[in-house]
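Quick notes on the structure that follows.
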Amino acid sequence: MNFLKKVLLTIITISVVTSLSLTLTGCPPTPPVVEETTPEETPTEEITTEEVIEKVTVTYWHTMSEAEAEALDEVITMFEEEHPNIKIEPTRMAYDDFKPALLTGIAGEMVPDTARLDIIWVPEFSEIGALVALDEEMDNFPEIIADTYPGPTSTNFWKGNYYGLPQDTNTQVLVWNRERFEEVGLSRPPETMDEFVEYATMLSNPDEEIYAYTKGGTYFWAPAPIFYSMGGQITDPEITTATGYINGEKSVEAFQLLVDMYKDGSLAPYFIGGGGVGAFDGLVTGQFSMIIEGPWTVDILKADHPEFEVNFALIPKGPDGTTSSVVGGQNVVVFTGSEHKEEAMEWARFLLTEEAQLTMAERGVIPTLSTLEGNERLPEYFDVFMKQLKTAQARLPHPKWTEMDNVINNAYQYMLRDEKTVQQALDDVAEEINTLIKEG
Amino acid sequence: MEKRPLSRGVNSPSRHPSKVNLKALIDIIKGTLIDIVKRIIRSKGSYLFLLPGMSLFFTFILFPMIYSLRMSFYKWNIVNPAVSKFMGIGNYIRALNDPIFIRAAINTIVYTLITVPGQIFFALIVAILLDQKIKGRTFFRVAYYLPVITSWVIVTLLFEYLFNSQAGFVNFVLKDILHIVGEKIMWLADPILVMVPLNLLGIWKGVGWSAVILLAALQSIPADLYEAAAIDGANFWRKFTRITLPLLRPTLVFLVVVLVIGGLNVYISGLLMTNGGNPLDLSHFILTLMYEKTFANMDFGYGSAISYILTIFVLIVSVIQIKLLQRKVEY
């Protein structure tokens, strides 16, 4: 009797505490976000005859810029007009906080229904089972991807399935300061890597802190355009080994070129982490003559330096005569924890329609539909990016990519600091990446 | 169980056993609830007052602590915890064999060894100065306390600008004004040099807080002790070492314990200034490494193990400190 009472007392206390704490934390077990617009106290017979509109809210997290978010609002309005039963609730986040926020959401079972993920994160999130395999769930998946560029689409593929749709894409090209070029008697940007190195010496004067080229850091995205253009590779296409690829002849040559430029003063020394003048500001003032950047350059420079003439060019061609760069971009994904997968997939599908893609494109977002090539609504400066995208390469679609990126970053630092030769550093990278491939 | 007299209110047993059970159960619940209410009334509501605090404590502190302890023994799967792989103390062993973790631990301990004495030393000077009858005393008290209430993020960015290699104020002073160095120093690009702004920031930001605590302690020292010493002909230094310091001892012990815990938990400044361990993963602190492993590499088990190693270390250090430093003050 007493025992039973004690047990009950405990149970009641625990349930009071739990319910109180749940109320206080404001996170009750997620109720389905369904707004019913059924008239009150409608007799049951009438419901069957009258059409009941159930409005489902689909949450969508992204990391868009302000201009992009404005365009997104237009896309949402178009979507909601077409789908009166679905309401899209977008949430904008900072890029650096995005992954922790998603992971916390997954752990707390508060995931958004959909999100726009950086292409390099898709394998990671697929691997932990957080994403819906869209090719299995969407009826017309092959039709949807039929018109997309294969490069961006491939970044959704992991272990036999597609876990997302390519929402937008980008790549990096050369941005050059015409005035600086003309000052030293040059009239056009470099077309080959030999010219790149040659021009760089002409454009640099380290004593006055004037450098031909700079980059925001040493993470792989930074040297990637030159690395790929020089013919570098990280692993074999099947991602089974890095030996002979990241430490292969072409990869070594690519990094050697950058290290040599750094040593002879063509590359601003501060990019290894000292903190210097920002790349865009330096480009405008002529402190740097060339930077390698993405399509957002136009927006950034227009905002801060409207008078500056932005000039783009393809990444200089490597020894084998082809230009290349690195593919960036975002994929739209649906989370396994979503309670409205059907509606979420409908939204994902809509983001890949021509109208949605063009609306975003007008604000500087490169579309993934090849059918839009040459469309007059696309900004003119997209041409060079579209051309570059044809040969640009994706970083490794692998769940351990973040760690691999860090390994390459550190190796690049060792080379620049003269603590390891390029070959030594890349041999070590090969070994470490091989280990990560095995773990993955 | 049903056969026993269950609770008050059960008068006549019904012929249907299931109904008896239900009724009895309701009565038990009723009785228990009345009991709880009675207890609460008897305790004059003290339980009720505990409830909000305790529920917050359970939800936000105890539960996550126990949950992450469990995670630290697994290769944790965040989406489906049920399929997590049990590793035993594998994550702990991995940390102790990981050169990056060892480096992070050394960085954290060195940071603590520099910033704790640094803060106390400067705080003591500031507190003694502010204890004098000087003009504008309130202004100086506010001025020294300002860094404490400023956000870590803002002051870290400020220090980053000061120590910027190309355009930073520190390099400008060292190279262009004082001509002490010939080349601009790459403060933030060197794993050892980056510790200079980090430690300076740690000291600068903490001095005001320690000074306020010490000032309060200074003002509680009876003035007649100093007067008696003055009559005996003691100079300032003698008064300081024989009266001030011994009487400040309990406050200093408190400061050392609290600041050491704070020092070992250094996080925001490191995360921002080194972007999490840059360059070469050599400038990590324990918590920045924990964050990177957990949220960048999605290695939740390993991240939890790292934070538990820190917790155990902090616990041991604190206990030793209190045992060693705490002696009774008699005067």
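Scanning region B:261-277 for residues that are within 17 Å of A:Gly216 (Cβ to Cβ) and free of Cβ contacts under 8 Å to residues at least 60 places away in the same chain turns up B:Asn275, B:Gly276. For A:Val327, the test of being closer than 27 Å to A:Phe157 by Cβ and in contact with a Lys or Arg (Cβ under 7 Å, 6 or more places away or on another chain) is failed.
Listed by first and then second residue, the pairs linking a residue in region A:87-109 that is over 24 Å from A:Glu342 (Cα atoms) and in contact (Cβ under 8 Å) with a residue 24 or more places away in the chain to a residue that is surrounded by 13 or more Cβ atoms within 10 Å (Cβ to Cβ) and of a type in the set (Gly, Ala, Ser), with Cβ atoms under 8 Å apart and 6 or more places separating them unless they lie on different chains, are A:Met93/A:Ala101.
Any idea which of A:Ala101, A:Ala115 is at pLDDT 90 or above and assigned to a strand (DSSP E or B)? Don't jump to the end; show me each part of the working.
Numbers: A:Ala101 fails: assigned to a strand (DSSP E or B).
Testing whether each residue is at pLDDT 90 or above and assigned to a strand (DSSP E or B) leaves just A:Ala115.
Looking at region A:155-177 only, could you name the residues that are surrounded by fewer than 16 Cβ atoms within 10 Å (Cβ to Cβ) and either under 15 Å from A:Leu389 (Cβ atoms) or in contact (Cβ under 8 Å) with a residue 24 or more places away in the chain (or both)?
Going residue by residue through region A:155-177, those that are surrounded by fewer than 16 Cβ atoms within 10 Å (Cβ to Cβ) are A:159-161.
The answer is A:Lys159, A:Asn161.
Could you please find all residues in region B:161-186 being within 11 Å of chain A (Cβ to nearest Cβ) and either in contact (Cβ under 8 Å) with a residue 60 or more places away in the chain or surrounded by fewer than 17 Cβ atoms within 10 Å (Cβ to Cβ) (or both)? Selection gives B:Tyr161, B:Ala167, B:Glu183. For region B:308-323, check the following and say yes or no: at least one residue is closer than 23 Å to B:Leu96 by Cβ and basic (Lys, Arg). No, the conditions are met nowhere in region B:308-323. Does B:Lys19 qualify as being more than 14 Å from every other protein chain (Cβ to nearest Cβ), more than 48 Å from the chain's Cα centre (by Cα) and modelled with pLDDT of 80 or more? So B:Lys19 does not fit the description; no. Taking region B:193-294 and the helices (runs of 4 or more DSSP H) fully enclosed by it, the elements with 3 or more residues that are touching a helix residue (DSSP H, G or I) at 6+ places or on another chain (Cβ under 9 Å) and in the same structural domain as B:Ile306 (by TED's automatic domain parsing) are at B:195-219, B:223-231, B:245-264, B:268-274, B:286-291.
Residue by residue, here is whether (1) over 23 Å from B:Gly118 (Cβ atoms); (2) in contact with a strand residue (DSSP E or B) (Cβ under 9 Å, 6 or more places away or on another chain); (3) surrounded by 16 or more Cβ atoms within 10 Å (Cβ to Cβ) holds:
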{"position": "B:Val256", "(1), (2), (3)": "no, no, yes"}
{"position": "B:Leu259", "(1), (2), (3)": "no, no, yes"}
{"position": "B:Gly270", "(1), (2), (3)": "no, no, yes"}
{"position": "B:Phe285", "(1), (2), (3)": "no, no, yes"}
{"position": "B:Glu292", "(1), (2), (3)": "yes, no, yes"}
{"position": "B:Met298", "(1), (2), (3)": "yes, no, yes"}
{"position": "B:Ile309", "(1), (2), (3)": "yes, no, yes"}
{"position": "B:Ile312", "(1), (2), (3)": "yes, no, no"}
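So that you can scan it fast, the table gives a plain yes or no per residue for (1) closer than 15 Å to A:Gln330 by Cα; (2) exposed (fewer than 14 other Cβ atoms within 10 Å of the Cβ); (3) at pLDDT 90 or above:
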{"residue": "A:Ala348", "(1), (2), (3)": "yes, no, yes"}
{"residue": "A:Gln357", "(1), (2), (3)": "yes, no, yes"}
{"residue": "A:Arg363", "(1), (2), (3)": "no, no, no"}
{"residue": "A:Pro367", "(1), (2), (3)": "yes, no, yes"}
{"residue": "A:Ser370", "(1), (2), (3)": "no, yes, no"}
{"residue": "A:Ala394", "(1), (2), (3)": "yes, no, no"}
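Suppose we keep only residues that are of a type in the set (Gly, Ala, Ser) and assigned to a helix (DSSP H, G or I) within region A:386-440. Which one would you say is farthest from A:Pro152 (Cα to Cα)? Working first, answer last.
If we filter region A:386-440 for residues that are of a type in the set (Gly, Ala, Ser), which is where we start, we get A:392, A:394, A:411, A:425, A:430, A:440.
Now narrow it down to the ones that are assigned to a helix (DSSP H, G or I): A:411, A:425, A:430.
On the way: A:Ala411: 27, A:Ala425: 30, A:Ala430: 26 Å.
It comes out as A:Ala425.
The values are calculated or read from the model by the stated rules, or taken from the named source; none is laboratory data. Everything numeric here is computed off the predicted structure, so don't read it as measured data. Glycine also receives a Cβ, built like all others from the backbone with ideal geometry; neighbour counts cover every protein chain displayed.
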